[in-house]
Protein chains: 2
Amino acid sequence: MKDVVTLAQGAGGKQTSELIERIFKRHLDNPDLTADDAAVLAVPAGRIAVSTDGFIVSPAFFPGGNVGKLSVCGTVNDVACMSATPLYLTCSFVIEEGYPLADLERIVEAMAATAAEAGVRVVAGDTKVAGRGQVDGVFVTTTGIGLVREGASTSGALARPGDVVIVTGDVGRHGCAILLARDEFGIEADVTSDCAPLAAAIGATLDAAPHVHTIRDATRGGVGTVLYEIAHQSGVGVELDAEAVPVAPEVAGVCGMLGLEPLYLACEGRLVVVVPEEEADAALAALRASSHTEGAAVIGHITDEERGRVLMRTQIGTQTILPEPGNELLPRIC
Amino acid sequence: MKDVVTLAQGAGGKQTSELIERIFKRHLDNPDLTADDAAVLAVPAGRIAVSTDGFIVSPAFFPGGNVGKLSVCGTVNDVACMSATPLYLTCSFVIEEGYPLADLERIVEAMAATAAEAGVRVVAGDTKVAGRGQVDGVFVTTTGIGLVREGASTSGALARPGDVVIVTGDVGRHGCAILLARDEFGIEADVTSDCAPLAAAIGATLDAAPHVHTIRDATRGGVGTVLYEIAHQSGVGVELDAEAVPVAPEVAGVCGMLGLEPLYLACEGRLVVVVPEEEADAALAALRASSHTEGAAVIGHITDEERGRVLMRTQIGTQTILPEPGNELLPRIC
């Protein structure tokens, strides 16, 4: 086999089978991985959560992860946010002709390691190869399936006035790491993506605080965008304590230099959790005791004023409306 | 809104929401389509079938369909081939900046119409936008979920010597249609893709012939590749009656001119069905009475000789081994 991906490996014949054996099956094999075109999986009666996302991050390798790790985290976290235990994952690759097999293998290795940490099995996949210049490197699309906890119900539409808003760690790392990895700004700073699988932390939180209303991962558009989505979906206002939002000094430094707001920078391992006040302490304690969410902090609360908006209270006590996110901050962030 | 896709529409903020409302929700909306990052769906206890595929066909519009229709058919058919009733679909789009919104809408309209025909609901989606030259047009990845019939079991590994091999219509149309649509060969011929959703036909076949062993859709690599996969997976031989393989005259003509073998040309609406001899007539009758499979024909049988190989019996009674498929016949066929 050559050391780069060939068009023949995307044709569905012998070379495709060899590529699957050598790279995909080698790292992702498990008893549920199908040899047919679809996996058959036993499920108990109940509710499943299903999510899909395409990952086209550029560069595909960045401090703290790569597109393989990201493609597992992003989808597993979306499933877990619906109070579900992620179980199964599918992955679909579109690869550029000539892509180094060694890089593809590193991506698949990261997927395997992250899937193992998240407790999900890859059950089905697909590999397509596009000609040079028809796709930029490797695009990965994952779909996750999880079992929703009995009785649990979380949604962006369930936030209620009085609820406490928690973020599970310092914000904007992923966006900042990608931005620096592109080398377009000539800024040197040591920022690592927060990309991480959060299903275990969410499970522990729901054990401790079963009436959590909303869990969302603050990916594209960052925490600011997620808060606006919750405000719209739930028809509530959000009051944010600007100083309480955790930002790493190095991220704050980069944002200061470039005039960026960390609240709009993507995270890939941070949650916004909206919880009734009486369970807020329990949720916070559970998050702080879990991996990847040790830095959880209360950053605000839900109000019945200024519905559909996010108000930011500043250090000197004034209130300003956080501008509604829009436009393209940074393409191909995830 | 501009009349082309912008990078901002892939950023996850306001413009993304507008694009989703205007194009995706408008055509695909249904009670199960999530407003969160994952859909929550009720399932009975049992087995689900899950399949994923990326669709990068070039050109995206071709006689008989477009990438939207194709992305529903391909995945729904893969799910149905496992004896499952397809229920849910997710779709993930990667779109090139500057792509005409009118074309995107035609693609989504085709998805909606095909999903309706196939009886599946689109429950979750994702939209990413890559810069000009970073993706060629529109790539769509779909994942399908279906409920496996109680007691039913079909797989490429279950073919047994003595089984009858059926193909559900004339072969090679899709590959031939794409080839002609590319205008690279200067050949004029009126060939329409066979792209079609086959879940209803499969359901009717399983009603009539509940012990069907294998159902596979002959996509990338065509019927020849599927027969080799079955031969390998089941550890059997396949004996093919070359003259019995239905080929439309216009496809045969194009193949003759270009020196191509129709058995290796992709179909997107043709099944290979392997059925015990005692149920073969019932399966054939059910297929002939169903939409998109009216042209079903017996093309061979499974043997315990030449395991792992496909033998072709020719008109004059000689046998030759069908060469094992490999190499790239035509990139971006699906």
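The values are calculated or read from the model by the stated rules, or taken from the named source; none is laboratory data. Computed from a predicted model, the values in this text were never measured in an experiment. Please note: Cβ atoms are built from the backbone with ideal geometry, for glycine as well, and neighbour counts cover all protein chains shown. To get the accessible areas, we keep the full protein, side chains included, count just its heavy atoms, and leave off ligands, DNA and RNA. Shrake-Rupley method; radii C 1.70, N 1.55, O 1.52, S 1.80 Å.
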Next on the checklist: Antiparallel versus total DSSP beta bridges in chain B: what percent is that, nearest 5?
Outcome noted: 75
Item to check | Rounded tilt (10° steps) of A:222-234 against the dominant C-alpha axis of chain A | outcome: 70
Item to check | Solvent exposure ordering (accessible area, 1.4 Å, most first) of B:H174, A:H292 | outcome: A:H292, B:H174
Checklist entry - Taking H as built 1.01 Å from N, whose amide H comes closer than 5 Å to the amide H of B:E324, not counting residues under 5 places away? => result none
Checklist entry - By DSSP, what percent of the beta bridges with both residues in the stretch B:164-321 are antiparallel, rounded to the nearest 5? => result 85
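Among bridges DSSP assigns within the stretch B:7-148, what percent are antiparallel (round to 5)? Could you put the intermediate results ahead of the total?
Working: 21 of 30 bridges.
Counting only bridges with both partners in the stretch B:7-148, antiparallel ones make up about 70 percent.
Using the crude model of +1 on Lys and Arg Cβ and -1 on Asp and Glu Cβ, and no other charge, please compute the dipole size for the stretch A:1-86 relative to its Cα centre, in debye to 20.
Values: 7 positive and 9 negative charges, 33 e Å.
So the dipole magnitude of the stretch A:1-86 works out to roughly 160 debye.
What do you get for trypsin sites (Lys or Arg not before Pro) in the stretch A:1-108 restricted to DSSP loop and a cutoff of at most 12 other Cβ within 10 Å of the site's Cβ?
Values: sites: A:K2, A:K14, A:R22, A:K25, A:R26, A:R47, A:K69, A:R106; in loops: A:K2.
Those satisfying the criteria are A:K2.
What do you get for GluC sites (Glu not before Pro) in the stretch A:250-334 restricted to DSSP loop and a cutoff of at most 13 other Cβ within 10 Å of the site's Cβ? Before the final figure, lay out the partial values.
Numbers: sites: A:E250, A:E268, A:E277, A:E278, A:E279, A:E294, A:E305, A:E306, A:E328; in loops: A:E268, A:E294, A:E305, A:E306, A:E328.
Answer by residue number: A:E294, A:E305.
Residue by residue through A:142-150, how many Cβ atoms from other chains fall within 10 Å of the Cβ on average? Can you show the working numbers first?
On the way: counts 5, 14, 4, 9, 2, 1, 4, 0, 0.
For peptide A:142-150, the averaged partner shielding equals 4.
What shape does chain A have by the C-alpha gyration tensor, where a ≥ b ≥ c are the square roots of the eigenvalues, rounded means a/c under 1.5, and otherwise prolate means a/b greater than b/c and oblate the rest?
On the way: a/c = 2.39, a/b = 1.46, b/c = 1.64.
It comes out oblate by the Cα gyration axes.
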Checklist entry - Looking at the square roots a ≥ b ≥ c of the eigenvalues of the Cα gyration tensor of the stretch A:244-334, which shape do they give, rounded for a/c under 1.5, prolate if a/b is larger than b/c, or oblate? => result oblate
Checklist outcome for this item: Helix B:101-118 sits off the longest principal axis of the Cα atoms of chain B, rounded to the nearest 10 on a 0 to 90 degree scale, by 50
Checklist entry - To the nearest 10 square angstrom, how much accessible area does A:R121 have with a 1.4 angstrom probe? => result 100
Checklist entry - Nm distances between the label at A:T318 and the same-position labels in the remaining copies, 7 Å along Cα→Cβ, shortest first? => result 9.2
Checklist entry - Counting only other chains, what is the mean number of Cβ atoms within 10 angstrom of the Cβ of each residue in peptide A:12-21? => result 5
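For the stretch B:124-225, rounded, prolate or oblate, judged on the Cα gyration tensor with a ≥ b ≥ c (square roots of eigenvalues), a/c < 1.5 rounded, else prolate if a/b > b/c? Kindly include the intermediate steps, with their values, before the conclusion.
On the way: a/c = 2.69, a/b = 1.46, b/c = 1.84.
It is oblate, given that a/c is not under 1.5 and a/b is not larger than b/c.
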Checklist outcome for this item: Non-local residues with an amide H under 5 Å from the amide H of A:G300, with H modelled 1.01 Å from N and Pro and chain starts lacking one, are A:V165, A:D241
Item to check | Interface residues in the stretch B:302-331 - accessible area drops by 50 Å² or more relative to the isolated chain, probe 1.4 Å | outcome: B:N327, B:E328
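Nearest 20 debye, what's the magnitude of the dipole of the stretch A:7-148 about its Cα centre given +1 on Lys and Arg Cβ and -1 on Asp and Glu Cβ?
Working: 10 positive and 16 negative charges, 23 e Å.
Computed charge dipole of the stretch A:7-148: roughly 120 debye.
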Checklist entry - At what distance in nm do the modelled label points of A:V4 and B:D241 sit from each other, each positioned 7 Å from its Cα along Cα→Cβ? => result 4.8
Item to check | Interface burial for B against A (accessible surface, 1.4 Å probe, total of both chains, Å², rounded to 100) | outcome: 5500
Item to check | Protein accessible area in the protein assembly as shown, 1.4 Å probe - carbon and sulfur % | outcome: 49
Checklist entry - What is the Cα convex hull volume of the stretch B:37-169 when expressed per residue in Å³? => result 135
Next on the checklist: Sort B:194-203, A:237-246 by the packing proxy (mean of other Cβ within 10 Å over each peptide's residues), most packed first.
Outcome noted: B:194-203, A:237-246
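Averaged per residue, what accessible area in Å² does the stretch B:1-124 show with a 1.4 Å probe, protein chains only?
Details: 3950 Å² over 124 residues.
For the stretch B:1-124, the solvent-accessible area averages 32 Å² per residue.
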